[in-house]
1. Can you tell me how region 458-580 classifies by the Cα gyration tensor, rounded, prolate or oblate, using a/c under 1.5 as the rounded cut?
2. Using 1/(1 + (r/R0)^6) with R0 = 41 angstrom and r between the beta carbons of Ile421 and Ala185, what's the FRET efficiency to the nearest 0.05?
3. Mind ordering 547-554, 42-49 by average Cβ neighbours within 10 Å, highest first?
4. Roughly what angle does helix 36-49 make with the longest principal axis of the chain, taking Cα atoms, 0 to 90 degrees, to the nearest 10?
5. Nearest 0.05, what FRET efficiency do Glu379 and Glu239 give at R0 = 25 Å with Cβ-Cβ as r?
6. I'd like the distance separating the alpha-carbon centroids of region 10-47 and region 118-152, in whole Å.
7. At a threshold of 8 angstrom on Cα-Cα distance, excluding pairs fewer than six apart, so keeping six or more, what relative contact order does the chain reach in percent?
8. Could you pull out the pairs from Lys397/Lys556; Lys257/Lys556; Lys383/Lys502; Lys136/Lys575; Lys383/Lys565 whose alpha carbons sit more than 30 Å apart here?
Amino acid sequence: MPEYKAPLRDMRFVTHEVLDAEQQFQALPGYEEATADLVDAILEEGAKFCEGVLAPLNRSGDQEGCRWSEEGVTTPSGFKQAYQQFVENGWPALAADVEAGGQGMPNLLGIIFNEMGGSANWAWMMYPGLSHGAVKTIEAHGTPQQKETFLTKLVSGEWTGTMCLTESHCGSDLGLLRTKAEPRADGSYSISGQKIFISAGEHDMTDNIVHIVLARLPDAPAGTKGISLFIVPKMLVNEDGSLGEHNNVHCASIEHKMGIHGNATCVLNFDGATGYLIGPENRGLNCMFTFMNTARIGTAVQGLAHAEQSFQGALAYARERLAMRSLSGPKNPDGAADPIIVHPDVRRMLLTQKAFSEGGRALVYYLALQGDIVDKGTEDEAKAADDLMSLLTPIAKAFLTEVGFECANHGVQVFGGHGYISEWGMEQIVRDARISMLYEGTTGIQAIDLLGRKVLGSGGQMLLQFTSIIDAFCQANTAEEDKPFIDALNSAKNDWLELSMKIGEAALQNPEEAGAASVDYLMYSGYVTLAYFWARMAVIARQNLDGGEADFYRAKLMTAEFYFKRLLPRTRSLKATMLSGADTVMQMPEELFAF
């Protein structure tokens, strides 16, 4: 099993050198205490917990899995004890508001901790992970009484939260959901229906689970305009805050899944359970997007985590495994063969993993910082940051999970036949990573959201906001040594704008053009977005080559060169497929698919 070690040096590089987080925090009221020294101290302690407590449970949790009975779900051995330690150490409250019992640290620190925890043990990290979305939703839309009843316990980690959206017949088309909410005389609602694919929907880690549930009121409009949002706790809460009776929320079964075996994916039956309306009637989907956007960034972290985890395992193996001789002559003349890291194809896979994990880290941390600006910045700053997040969140979620899965497969390939054997742990990463392209909106759904809603729907304004940032960066960095990166980035950015316009014009004539181009468009957008961050990192690395950590910066510069010469050129084929038109996808009659 790969031994996870938090990449603290690279985390500090992105946080302090690329994003200049300390200076950003000084300008955000309430975050002034988040100095570089404090951030580093928190990350070091977080690394100890994730490496020493969570990582050792990763393989055993996969092998043991969760167990269902009529009494509830039992998590794998050690999971409950790890969660108790997690709560005792205050990690759930790290980035939560002080008013709700949190520590008031920036969202960025929470995301960094989530990366470490997810890389160490993604299945375990999902249990507290969904609580963040529940907290955000109640903070944004809950009444004072709802906040008093539920928020403090969620922030402390004493309770966990879930989101309950989909049903067996509707999948991602939530306009078809049937769960009902009948009003009661006391102001509460009777919630009846069944929800599926509920991650961490039932477990033995906490005494209560707060479900955020979509349901329909009587006589509600059809489709998505008739959906409301409810808080439905597993256990009812008495007026004094103590737990009351069970709330008629039952786990009917847990799914038998390809991966993340240590996390319970539940079918939940709501049998007249007591629920409390959160937000306005028939505006539930709008309120739920607070939760969904938080979860989508969390899933982007999963893509990053599995790229990093697989890279660490593959790198350690490639340094030790002896096979064949280098094409340019022996590199280990005293051994029977050379370590496989000398072979070009192995290096190609390792550098692909390294480029995507380090580039993805910069993108995810940048998004987290924008979230901090949304929370604490001025009105204008918050609006600009929110628009950036709206554009970049579908890119981060879909692109990073797609390339994270690619990296997981590279890890198996580096191990050769041993990668296919479970005891090495590499195949588990592939199984665990595969879900990331499905939940919280598939790659196709993220793609049409990006192209249809964010880019074309804003008349290109959201895209122009980000490309203007790229323009400013390119104009500010004119050193001859940086020219290869700047020129390539600028060219890809110009193509991005031109492609957006061409697809938009074609979609005016035939709406299917947008759908046919959308996934390729999203992947193209991801490659250009990462090129921006790699160019930023390359400039900083070049400026520090003569310092005391020359090897770190040399490696960063070489990885940037690999990204621009080996990975960014993938955009050329994506451009060709985008412009090939919808007919190649849509012209075949349905009945001919069988031939």
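1. Working: a/c = 3.26, a/b = 2.19, b/c = 1.49.
Taking the square roots of the gyration eigenvalues as a ≥ b ≥ c, region 458-580 is prolate.
2. Values: r = 61 Å, r/R0 = 1.50.
That pair, Ile421 with Ala185, gives E of 0.10.
3. Going from most to least packed, we get 42-49, 547-554.
4. 80
5. Numbers: r = 38 Å, r/R0 = 1.52.
Between Glu379 and Glu239 the formula returns 0.05.
6. With region 10-47 and region 118-152 each reduced to a Cα centre, they are spaced 23 Å.
7. Relative CO of the chain lands at 13 percent.
8. On the way: Lys397/Lys556 24 Å; Lys257/Lys556 38 Å; Lys383/Lys502 28 Å; Lys136/Lys575 38 Å; Lys383/Lys565 36 Å.
Over 30 Å Cα-Cα: Lys257/Lys556; Lys136/Lys575; Lys383/Lys565.
Here, each number is a calculation from the coordinates, and none is a lab measurement. From a predicted model like this one, the values you see are computed outputs, not experimental measurements. Please note: Cβ atoms are built from the backbone with ideal geometry, for glycine as well, and neighbour counts cover all protein chains shown.
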